[in-house]
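Quick one: this structure, given as structure tokens, is what I'll be asking you about.
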Amino acid sequence: MPLDPQAAALIKQMALAPGPKIEELPPEAARRLTSATFKMLAGDTEEVARVEDRKIPGPAGQIPIRIYSPAGAGPFPLLVFYHGGGWVIGDLDTHDNACRSLTNRAGCVTLAVDYRLAPENKFPAAVEDCYQATAWAAEHAREFGADPGRIAVGGDSAGGNLAAVVSLLARDRRRPAIKFQLLIYPATDGALNTNSHKTFTDYFLTDKAVKHLWGSYLRDDADRTDPLASPALAKSHKGLPPALIITAEFDPLRDEGEAYGEKLRAAGVPVSVTRYDGMIHGFFTMPGVLDQGKRAVDEAALALRKVFSQ
């Protein structure tokens with residue numbers, strides 16, 4: 001398929017923007033640059049019934065979280081969401097509108113996790129924070145109107161990686177019980193050697209940026225084969241929660257996301273994989289400029305509603 005016209009226009013606009021790329025900037029400067037971009041592409045802020053910022057105990061201090069609640073009487077099902085940004089950029093604000101949309105459309109409480117970022121906090125710091133926050137959410141769900149028996153995890157890109165890893169840890173540690181994993185163009189394998197990595201080197205997410213972000217996250221190359229960094233390399237994928245995997249055609253992460261779906265399917269895990277033709281990495285959080293981003297959010301919310309109703 002050709003590149004979606006809206007995506008092509010966005011890529012052209014971004015190419016004309018002056019200044020260095022994220023891989024050329026110190027972490028804090030990269031975060032400031034991308035934060036403004038995220039907010040611009042997200043569209044109008046969607047209202048939810050209630051938003052609360054809190055801090056909870058973590059493995060290395062407190063973890064900031066943001067809890068979004070829908071209208072109506074609970075307890076509501078719970079989505080624990082981990083933002084994307086290559087483990088280096090992104091925060092509660094960059095993915096605020098995505099969390100609001102999922103809260104309203106899926107009729108769930110969404111708990112967003114502001115995990116520690118690299119390179120200041122290398123792997124497995126983000127994993128530890130995300131698992132701890134998910135375990136805390138299960139234990140304290142009733143305090144904020146959520147049902148501990150209906151928990152899903154989700155995230156985009158690096159956040160999709162973390163959702164897959166938390167699912168593995170929850171299975172192996174037998175807590176908490178997770179009903180579903182929403183994996184939006186997830187990073188699943190640090191080898192970075194798929195055909196899509198070799199083909200789509202400069203479609204919004206560039207090959208240089210991908211390598212820079214992985215290098216910032218990991219302590220050394222040996223970490224690339226650790227299943228907590230590369231969930232595709234887990235010894236077994238049996239017993240994992242059902243999943244929806246969303247990919248984009250012109251995305252270097254496309255093939256590893258779809259291959260992860262095949263691994264889940266081969267292990268007997270119910271999985272649905274949807275490729276959005278003509279789309280680029282990041283489109284899920286760009287509904288302000290990409291119509292297919294809106295459709296992907298709707299698909300994710302419908303999948304959540306379905307699993308939460310079972």
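Only the coordinates and a few stated rules stand behind these numbers; no lab work does. Just so it is clear, the structure is predicted and the values come from calculations on it, not from any experiment. Using ideal geometry, Cβ is built from the backbone for each residue, glycine included, and neighbour counts are taken over all protein chains shown.
In this model, which of LYS12/LYS208; LYS198/LYS306; LYS179/LYS263 are farther than 29 Å apart at the alpha-carbon?
Going by Cα-Cα distance, LYS198/LYS306 fall outside the 29 Å limit.
For a paramagnetic label modelled at 7 Å from the Cα of GLU143 toward its Cβ, which residues of segment 172-186 fall within the zone defined by backbone nitrogen distances under 19 Å?
176-177
May I pose another question? Give, in nm to one decimal, the length gained when the segment between ARG295 and ASP277 is fully stretched (0.36 nm per residue of separation minus the Cα-Cα distance).
5.3 nm
What are the principal axis extents of the Cα atoms in segment 149-205, in Å, biggest first?
Principal extents (Cα only, largest first): 42, 19, 12 Å.
List, in order, the whole-Hz ³J(HN,Hα) value for each residue of segment 45-56 obtained from phi through the Karplus relation with A = 6.51, B = -1.76, C = 1.60 and θ = phi - 60°; use x for Gly and Pro.
Those phi angles translate into 5, 8, 7, 10, 5, 7, 10, 9, 9, 9, 10, 10 Hz.
Percent of Cα-Cα pairs per 5 Å bin, from 0 to the last occupied bin, for segment 185-227, please list those.
Once binned at 5 Å, the Cα pair distances of segment 185-227 give 5, 21, 32, 27, 12, 4.
Just to check I understand the Karplus step: with θ = phi - 60° and J = 6.51 cos²θ - 1.76 cosθ + 1.60, what whole-Hz values come out for segment 115-126, glycine and proline as x?
5, 5, 9, 8, x, 4, 10, 6, 3, x, 4, 4
How large is log10 of I(q)/I(0) for the chain at q = 0.07, 0.12, 0.13 Å⁻¹ when the intensity is taken from the Debye formula with one equal scatterer per alpha-carbon?
Debye curve over Cα of the chain, log10 I(q)/I(0) at q = 0.07, 0.12, 0.13 Å⁻¹: -0.23, -0.72, -0.86.
Additional query: Only Cα pairs within less than 10 Å get springs; with that Gaussian network setup on the chain, which residue of GLY43, GLY84, GLY293 has the largest fluctuation?
Looking only at GLY43, GLY84, GLY293, the biggest GNM fluctuation is shown by GLY43.
Starting from the eigenvalues of the Cα gyration tensor, five times each then square-rooted, give me the equivalent ellipsoid semi-axes of segment 69-162, largest first, whole Å.
24, 15, 9
List SER230, SER272, SER35 from most exposed to least, where exposure is judged by having the fewest other Cβ atoms within 10 Å.
Taking fewest neighbouring Cβ atoms as first place, the list is SER272, SER35, SER230.
Across segment 267-279, in residue order, what do the Karplus-derived ³J(HN,Hα) couplings come to in whole Hz, using 6.51 cos²θ - 1.76 cosθ + 1.60 with θ = phi - 60° and x for Gly and Pro?
8, x, 8, x, 8, 10, 10, 10, 9, 8, 5, x, 9
Would you mind checking which residues have amide H under 5 Å from VAL271's amide H? H placed 1.01 Å from N; only 5 or more apart, or other chain.
ALA243
Please arrange VAL80, VAL289, VAL210 by how many other C-beta atoms lie within 10 Å of their C-beta, fewest to most.
VAL289, VAL210, VAL80
Right, something else. Once amide H atoms are built 1.01 Å from N in the peptide plane, which residues 5 or more positions from ILE63, or in another chain, come under 5 Å H to H?
Here the answer is ILE56, GLY58, since their amide H atoms fall under 5 Å of that of ILE63.
For the modelled label position 7 Å from the Cα of GLU28 along Cα-to-Cβ, which residues of segment 120-140 have backbone nitrogen atoms closer than 19 Å?
120-122
Report, by chain and number, residues whose modeled amide H sits under 5 Å from the one on ASP147, excluding near sequence neighbours (fewer than 5 apart, same chain).
PHE76, LEU78
Quick one: if the Förster radius is 45 Å, what FRET efficiency do THR199 and ARG174 give, using the C-beta to C-beta distance and rounding to 0.05?
0.65
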